[in-house]
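The values are calculated or read from the model by the stated rules, or taken from the named source; none is laboratory data. Here the structure is a predicted model, which means the values were calculated and not measured. With ideal geometry, Cβ positions are generated from the backbone for all residues, glycine too; neighbour counts draw on all protein chains shown. These accessible areas exclude ligands, DNA and RNA; they are computed on the full protein's heavy atoms, side chains included. Shrake-Rupley method; radii C 1.70, N 1.55, O 1.52, S 1.80 Å.
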Amino acid sequence: MRFIHYVLVIAALFMLIGCAGVSESDQRDYEKKQFLYSIKYEGTHGQVGYHMNARPRANCPGGWKYGSVEMSDGTLPPGIHMKGSTFEGTPQQPGDWGVFVKFSKLKCHDEIYTDKTVYVEFHIKGIAVKRVR
């Protein structure tokens, strides 16, 4: 039992020494990468015939901003359109689709970041609605 205690104390010391060796610059670089990689869309799973709303989110305490956003490539599910940075509408067909969205002039904690392009996947379940004549 004492052996385990010593191992845990030594491991804690290594962690403490390792954390103390991280420079402020390295920490900022890490936080920048974490922010850029955290930009994702939520609400991209839907059901044919039911309204959906997919919005971007990012890991930036206090909120984040961007100058512009644009869809650069890909195909949206039929019935879904882009309004600002949000995708909304009522899907009309099941399947999987994807688009690339570019965010420009990103800002988190009053720091400006490079442009970031994210891939947005849409997964729509259900049966396609048939039109009655």
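Observations
- All positions within the range 63-86 that are open to solvent by less than 40 Å² (accessible area, probe 1.4 Å) and not in a loop (DSSP other than H, G, I, E, B): VAL69, ILE80, THR86
- Residue that is nearest to ASP115 (Cα to Cα), among those in the range 29-41 that are without any contact (Cβ under 8 Å) to a residue 24 or more places away in the chain and surrounded by 12 or more Cβ atoms within 10 Å (Cβ to Cβ): TYR37
- Taking every residue in the range 74-86 that is more than 16 Å from GLN47 (Cβ to Cβ) and free of Cβ contacts under 8 Å to residues at least 24 places away in the same chain and pairing it with any residue that is open to solvent by 30 Å² or more (accessible area, probe 1.4 Å) and in a loop (DSSP other than H, G, I, E, B), at least 6 positions away or on another chain, the pairs with Cβ-Cβ distances below 9 Å are MET82/LEU76.
- Meets criteria (open to solvent by less than 100 Å² (accessible area, probe 1.4 Å), of a type in the set (A, V, I, L, M), closer than 15 Å to LEU36 by Cβ and part of a strand (DSSP E or B)) for VAL118: yes
- First in the range 42-62 and within 11 Å of PHE87 (Cβ to Cβ) and open to solvent by less than 90 Å² (accessible area, probe 1.4 Å), second anywhere and part of a strand (DSSP E or B) and small (Gly, Ala, Ser), Cβ under 8 Å, 6 or more apart: GLY43/ALA54; THR44/ALA54; MET52/GLY46; MET52/GLY89
- The single condition from (1) assigned to a strand (DSSP E or B); (2) of a type in the set (A, V, I, L, M); (3) open to solvent by 60 Å² or more (accessible area, probe 1.4 Å); (4) in contact (Cβ under 8 Å) with a residue 24 or more places away in the chain that ILE112 fails is (4).
- Looking only at the range 87-109, and only at residues there that are touching a strand residue (DSSP E or B) at 6+ places or on another chain (Cβ under 8 Å) and in a loop (DSSP other than H, G, I, E, B), the one that is surrounded by the most Cβ atoms within 10 Å (Cβ to Cβ): PRO91
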